[in-house]
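Working notes for the structure below.
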Amino acid sequence: MDYKDRLAILLVEDNELNQKLMKISLTRYNYMVTIAVNGYEGVQCFKKQKFDLILMDIMMPVMDGYEATKEIRTLEIQDEKLGRTPIIAFTANTINNDRAKCLKGGMDDILEKPFDVNKFREILASLS
């Protein structure tokens with residue numbers, strides 16, 4: 001994945017302010033952003049549309065980021081045509097070995113809140 005391409009990004013985030021700020025930041029770089037307000041909605045969006053990348057909040061109502069990631073990974077295994085979509089955990093909670101927990105849970109990397117577009121682009125480059 002070349003981070004310079006116009007990526008379709010699924011942002012799974014329950015906080016409205018974070019949604020707005022991240023969408024503004026990401027669309028500045030010509031990324032297409034779809035927002036889901038919780039993990040369940042994120043899984044439903046994933047079922048309907050192909051995304052190049054998913055930014056997944058960890059702590060959300062209805063279904064958290066770990067459960068949603070597990071569901072998405074199960075869907076990918078069940079339908080190999082889907083391929084594997086990179087999922088980046090997006091959280092303010094980066095202490096207590098959260099990175100290891102995210103990676104073990106099927107995520108590809110972790111991005112700390114508040115959103116830092118430069119760090120995000122570094123992660124994208126590392127996923128290439």
Span from the the range 8-60 Cα centroid across to the the range 68-83 one, whole angstrom: 18 Å
From the coordinates shown, semi-axes √(5λ) of the Cα gyration tensor in Å corresponds to which of (1) 46, 17, 13; (2) 24, 17, 12; (3) 19, 17, 15: (3)
Amide H partners (placed H, <5 Å) of Val33, local residues excluded: Ile9
Karplus-derived 3J(HN,Hα), 6.51/-1.76/1.60, for each residue of the range 18-35, Hz, glycine and proline x: 4, 4, 5, 4, 5, 4, 4, 4, 6, 5, 4, 9, 6, 7, 8, 10, 10, 10
Relative contact order (%) - the range 8-127, alpha-carbon pairs under 8 angstrom, separation at least six: 22 percent
Rough spin-label spacing in nm, given labels placed 7 Å along Cα→Cβ, for Lys104 and Ser126: 1.9 nm
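Just so you know, all these numbers are worked out from the coordinates, no wet-lab data involved. Everything quoted here is computed from the prediction, not taken from an experiment. Please note: Cβ atoms are built from the backbone with ideal geometry, for glycine as well, and neighbour counts cover all protein chains shown.
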